[in-house]
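Structure first, commentary second.
The values are calculated or read from the model by the stated rules, or taken from the named source; none is laboratory data. Worth saying up front: this structure is predicted, and the values here are computed from it rather than measured. Glycine also receives a Cβ, built like all others from the backbone with ideal geometry; neighbour counts cover every protein chain displayed. Ligands, DNA and RNA are excluded from the accessible area calculation, which covers all protein heavy atoms including side chains. Shrake-Rupley method; radii C 1.70, N 1.55, O 1.52, S 1.80 Å.
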Amino acid sequence: MIDLCSLTAVELADLVRSGEASARAIAEAHLARAHAIDDRIGAFLRLTDQKALEMADAVDCKRARGEPPGALAGVPVGLKDLLSTKGLETTCGSRILEGYVPRYDATVIERLRAADAVFLGKTNMDEFAMGSSTENSAYQITRNPFDPTRIPGGSSGGSAAAVAARMVPIAIGTDTGGSIRQPASHCGVTGLKPTYGRVSRWGLVAFASSLDQIGPFSRTVRDAALVTSVIAGHDPRDSTSAPRGVPDLLAALGRDLGGLKIGVPREYFVEGMDPDVAHVVRAAIARLAELGAALCEVSLPHTEYALAVYYLVATAEASSNLSRYDGVRYGLRVPAASLDQMYARTRAAGFGPEVKRRIMLGTYALSAGYYDAYYGKAQKVRTLVCRDFDEVFGEVDAIVAPTSPTAAFRLGERVDDPLQMYLADVFTLPASLAGLPAISVPCGFVGAPALPIGLQIMGRQFDEPTVLRVADAFERAAPGARRSPEVLP
Amino acid sequence: MSAATDRYEPVIGLEVHAQLLTASKLFCGCSTAFGAPPNSHVCPVCLGLPGALPVLNRRAVEYAIRVGLALGCEVRRSSRFARKNYFYPDLPKGYQISQYELPLNESGAIEIEMEAGPKRIGIVRAHVEEDAGKNVHPTGSPTSLVDFNRSGVPLVEIVGAPDLRSAAEAAEYLKELRAILMAIGVNDGNLEEGSFRCDANVSVRPVGQAEFGTRTELKNINSFKFVRQAIDFEVRRQSSVLEAGEAVRQETRLWNDARGETFPMRSKEEAEDYRYFPDPDLPPVEVDAAFIDRIQNEMPELPSARRRRFVKALGLSTYDAAVLASHPRVADYFEAALAEYGAARAQGAKPVANWVINTLMKTARIDGLEAIFAVPAAHLAQLQKLVDEGTISLTVARKVLDEAAERGVAPAQVVEEKGLCQVSDVAAIEAACRDVIAAHPAEVEAFRGGREKLFGFFVGKVMKATKGQGNPKVVNELLHSLLGA
């Protein structure tokens, strides 16, 4: 009997469409695995068995009625708890939203539903997506399936770990400064952050509105392309959603890299980077040349400012976005004698330390007298970061770099050192600031037990096809870069 | 006026928040209708639910551009929405989406008519923003409630320059602004329901001093009367503070209607820092020249132009012109009646205007921008023509109007059915006059003895005898000759 949990989304949907497996059997198999092993991982905040089985049965009924099942027929999907799900508690990993049950679905949720995906549950995350290790969740930690003493990355750590541990073939994450790519890298799975504006943010609980973007985790590039083609496309409910068509992403796959020019930015191989990681990434890049790509060194001179820019822009936006959690309409309320005290006590009790830190940073950056020096200047430098990419993309079709300077670090290792934690995203922030599509694909391992390393491929705005093409070619050429975690059955 | 007030000159600038009369809210599809049950016109966007995003209402931008053009502003081709951050229970997102650095409309002016002549009042900016919800404090309850029906309703905030120098000027400015917004169809001018709200920035300075004094901001002035009273109070208060050698505190003050005074609400020194920044959820608002041109071309006649036309082309008094042009539907009705009146328009203007101002405006049902009059404009024109032709007297005409209104029929039909045609038959009227004179010898003697005021007495008696249908002109002439006056 086939192990349904080891199949890809493409394979599972085919089985459902051909009738070789029912959506219910697939859902049950994945739920059984998740229930069996997730106490050791902590990927899911909530498994929604009943909802999953209802959705699976609906897909089976649809097929029985002779209607063609959708592109993700019966594919189990984990959803980052930052996505608004009608009737399903959505906490964003925060105490302040404990018990909050949305009355509407995010656009991404609607589109997955319309494609006949089956929702298995909501995955763990750093509170309001603020963090790089998922240790900032108010509810639980998530362990790296390759080494349970290590972090899975973050903020979408639950989604990454769930896919790596084969609890689901697909999980949806969000990426503001690397929150899909960095955990994908640490968990040895594929994670795509589409172009800003490619996927609707309607129903994505905002962290930093000018940066947030939704994308998939998967175990293959083909699955990433499939899911992205389901969730992408213009949405009139999101004014920042791009009013343009989505090209055929699957058509970009299965090709070599002949005729492609790929840039390697010198600023991404710097001192302080783990030499083993650099070695694995360099070897992976060399493989791209073997596949027909022309490599060249390029320079993105403002890379070193990306971290500072990001922590001003993202925190400023967050300080405003998180103002709505005031205890008035939903979520936590700590009663008090006066209105101001109610606000203060509610927010003091409801937010964790990292969220408070960022609200304070952002509030400061926007304050009268400081705005120009901080937020205003950050926006100017953000333009310079974008210009760097514009210039390089005049010369090359894609840029490749490490996803993260290190492999997954140990649980607790950086919780008391926010700056060290922030450095985990140093290679993913520039593409976020420029709104570019970027993917992380597994490209090798370091150390013992072996920890996965990710290769990051960045493309021009809205050029997901080239990003996926490079990732897919590499994946097929380097099968050894992908393995299942050894510690799990 | 106290002596202290005479030594100080007031400097006043008004900020007006006017609702733009769109059917749906500024950033979502919820209805803007007033008076619905609490929290029945709400959705994830205007409730500030996690993950909800704003989408700009194009009609609101169009209306706001109409405002900008009517106020002579420069309309910015690219403007931005910004977030104004502060905590309040009626503000669901913890920020208001407004405009800050790049407002839609800037640098305009309107003219107000004062006794001393016209005066130009600058408009600093007119930008678009969303309204907040409404806090409700049920009496006897320890808890407060919030109604979010108003949350997200589109407003235009019109910031006037500090060009006003008296409460009277401020009231005139406010009236003119209201008339303009109503004329261009974007606002119903309803102060009570809060669709047209006003805050006043008031300061005083010693006469002759160039620099402005410290200002206070007056809130909660929701009628024209209160605007005058609140400003007058504040000018007197600030003048006496300065006269006493003290300094005016920069603060926000609330008008208390019952006590007829302003009192401090919060001090500006501890005022909040709103931390404005461009809203990343909304791209810049780009409007092209063709869009602005189209709005300009569709712009109706503004009240000032209409008043001028009424005076110059129709010979109305400035007072009558101002009353008629104060509400666009009243002016429309007047003009429609005059058009029906036909050829000799200039001749009919004054009597038709009198009908509208003295009678029809008083009985009209005016609800916001809508006005329903007792009779159609064509019937009013017909009524005046019946008077002109001498068919009925003015006195009878008033009764005919009432009946025509009540029955919904044309005045001519009422006149015919009731046989109200004026008696111009000299013989019949003369007979009536002789009867009256014969019946009142004492009065006749007194009249002839010099009590000329008794003439009216005889007219009244004759009119009564002719059941009001005697042609007054004929009655006058006959009585004069018969009484030998």
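Of all residues in the stretch A:1-48, which are open to solvent by 50 Å² or more (accessible area, probe 1.4 Å), over 23 Å from A:R111 (Cβ atoms) and touching a strand residue (DSSP E or B) at 6+ places or on another chain (Cβ under 8 Å)?
First, the residues of the stretch A:1-48 that are open to solvent by 50 Å² or more (accessible area, probe 1.4 Å): A:1-3, A:6, A:11, A:14, A:17-18, A:20, A:24, A:28, A:32, A:35-36, A:39-40, A:46.
Still in the list and also over 23 Å from A:R111 (Cβ atoms): A:1-3, A:6, A:18, A:20, A:28, A:32, A:35-36, A:39-40.
Within the stretch A:1-48, just A:H35 meets the criteria.
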task: Output the number of the condition that A:V328 fails; it satisfies all remaining conditions of (1) closer than 20 Å to B:P142 by Cα; (2) within 11 Å of chain B (Cβ to nearest Cβ); (3) among the β-branched types (V, I, T); (4) surrounded by fewer than 22 Cβ atoms within 10 Å (Cβ to Cβ).
output: (4)
- prompt: With respect to the numbered conditions (1) farther than 29 Å from B:G484 by Cβ; (2) more than 38 Å from the chain's Cα centre (by Cα); (3) aliphatic (A, V, I, L, M), which one is the sole condition not fulfilled by B:A404?
  reply: (2)
message: For the stretch A:170-198, give me each residue that is away from chain B (no Cβ under 13 Å) and assigned to a strand (DSSP E or B).
response: A:I170, A:A171, A:I172, A:G173, A:D175, A:T190, A:G191, A:L192, A:K193
query: Given B:E172, B:E176, which one is open to solvent by 30 Å² or more (accessible area, probe 1.4 Å), outside any loop (DSSP other than H, G, I, E, B) and farther than 26 Å from B:G29 by Cα?
result: B:E172
- prompt: In the stretch A:263-294, what residues are aliphatic (A, V, I, L, M) and either open to solvent by 70 Å² or more (accessible area, probe 1.4 Å) or in a loop (DSSP other than H, G, I, E, B) (or both)?
  reply: A:V270, A:M273, A:L291, A:A293
message: Can you go through B:T318, B:T359, B:T363 and tell me which one is out of contact with any Ser or Thr (no Cβ under 8 Å at 6 or more places or on another chain), at pLDDT 85 or above and buried (at least 17 other Cβ atoms within 10 Å of the Cβ)?
response: B:T359
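Matching residues to (1) in contact with a strand residue (DSSP E or B) (Cβ under 6 Å, 6 or more places away or on another chain); (2) more than 14 Å from chain A (Cβ to nearest Cβ):
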site	(1), (2)
B:D273	no, no
B:D281	no, no
B:E286	yes, no
B:A290	no, yes
B:P300	no, yes
B:D320	no, yes
B:A325	no, yes
B:A349	no, yes
query: Which pairs do you get when a residue that is among the aromatic types (F, W, Y), found in the stretch A:216-241, comes within reach of a residue that is part of a loop (DSSP other than H, G, I, E, B), reach meaning Cβ atoms under 9 angstrom, with the pair 6+ apart or on two chains?
result: A:F217/A:S156; A:F217/A:V168; A:F217/A:I180; A:F217/A:V189
message: I'd like to verify a number: residues in the stretch A:295-309 that are open to solvent by less than 10 Å² (accessible area, probe 1.4 Å) and touching a Leu at 6+ places or on another chain (Cβ under 7 Å), how many?
response: 2
query: Which residues, taken from the stretch B:219-270, are more than 21 Å from the chain's Cα centre (by Cα) and either among the basic types (K, R) or outside the structural domain of B:I12 (by TED's automatic domain parsing) (or both)?
result: B:R236, B:R237, B:R249, B:R253, B:R259, B:R266, B:K268
Those residues of the stretch B:26-55 which are over 23 Å from A:P236 (Cα atoms), within 14 Å of another protein chain (Cβ to nearest Cβ) and touching a Ser or Thr at 6+ places or on another chain (Cβ under 8 Å), in sequence order: none
Restricting the stretch A:73-117 to residues that are surrounded by 24 or more Cβ atoms within 10 Å (Cβ to Cβ), more than 12 Å from every other protein chain (Cβ to nearest Cβ) and over 19 Å from the mean Cα position of the chain (by Cα), the residue that is nearest to A:R347 (Cα to Cα): A:D116
task: Working only within the stretch A:337-347, note down all residues that are farther than 25 Å from A:Y139 by Cβ and more than 10 Å from chain B (Cβ to nearest Cβ).
output: A:A337, A:S338, A:Q341
- prompt: Is it the case that some residue within the stretch B:257-278 is at pLDDT 90 or above, assigned to a helix (DSSP H, G or I), touching a Leu at 6+ places or on another chain (Cβ under 9 Å) and open to solvent by 20 Å² or more (accessible area, probe 1.4 Å)?
  reply: no
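Take residues that are in the same structural domain as B:S317 (by TED's automatic domain parsing) and tell me which of the strands (runs of 3 or more DSSP E) falling wholly in the stretch B:41-126 contain 3 or more. Full working, then the answer.
Details: elements: B:82-85, B:95-98, B:105-114.
Because the criterion is at least 3 residues that are in the same structural domain as B:S317 (by TED's automatic domain parsing), no strands (runs of 3 or more DSSP E) in the stretch B:41-126 meet it.
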- prompt: Considering the stretch B:198-222 alone, what residues qualify as being among the hydrophobic types (A, V, I, L, M, F, W, C) and within 15 Å of B:A167 (Cβ to Cβ)?
  reply: B:C198, B:A200, B:V202, B:V204, B:L218, B:I221
task: Would you mind finding the one in A:G394, A:G369, A:G362, A:G350 that is within 14 Å of chain B (Cβ to nearest Cβ) and open to solvent by 30 Å² or more (accessible area, probe 1.4 Å)?
output: A:G369
query: Among (1) within 30 Å of B:Q209 (Cβ to Cβ); (2) loosely packed, with under 13 Cβ neighbours inside 10 Å, where does B:S240 come up short?
result: (2)
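Residues checked against (1) more than 14 Å from chain A (Cβ to nearest Cβ); (2) among the hydroxyl-bearing types (S, T, Y):
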position: B:N57; (1), (2): no, no
position: B:A64; (1), (2): yes, no
position: B:G68; (1), (2): yes, no
position: B:E74; (1), (2): yes, no
position: B:Y86; (1), (2): no, yes
position: B:Q96; (1), (2): no, no
position: B:G108; (1), (2): yes, no
position: B:I112; (1), (2): yes, no
position: B:E115; (1), (2): yes, no
message: Contact list please: Cβ distance under 7 Å, first residue in the stretch B:204-218 and assigned by TED's automatic domain parsing to the domain that holds B:L14 and in contact (Cβ under 8 Å) with a residue 12 or more places away in the chain, second residue among the acidic types (D, E) and open to solvent by 80 Å² or more (accessible area, probe 1.4 Å), pairs at least six apart or on different chains.
response: B:R205/B:E211
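Could you list, in sequence order, all residues of the stretch B:184-212 that are among the aliphatic types (A, V, I, L, M) and under 20 Å from B:V16 (Cβ atoms)? Walk me through how you get there before you give the answer.
Residues of the stretch B:184-212 among the aliphatic types (A, V, I, L, M): B:184, B:186, B:191, B:200, B:202, B:204, B:207, B:210.
Residues satisfying the conditions are B:I184, B:V186, B:L191, B:A200, B:V202.
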- prompt: For the stretch B:300-385, which fully contained helices (runs of 4 or more DSSP H) count at least 3 residues that are over 15 Å from the mean Cα position of the chain (by Cα), more than 22 Å from B:R66 (Cα to Cα) and touching a residue at least 12 places away in the same chain (Cβ under 8 Å)?
  reply: B:328-341, B:345-354
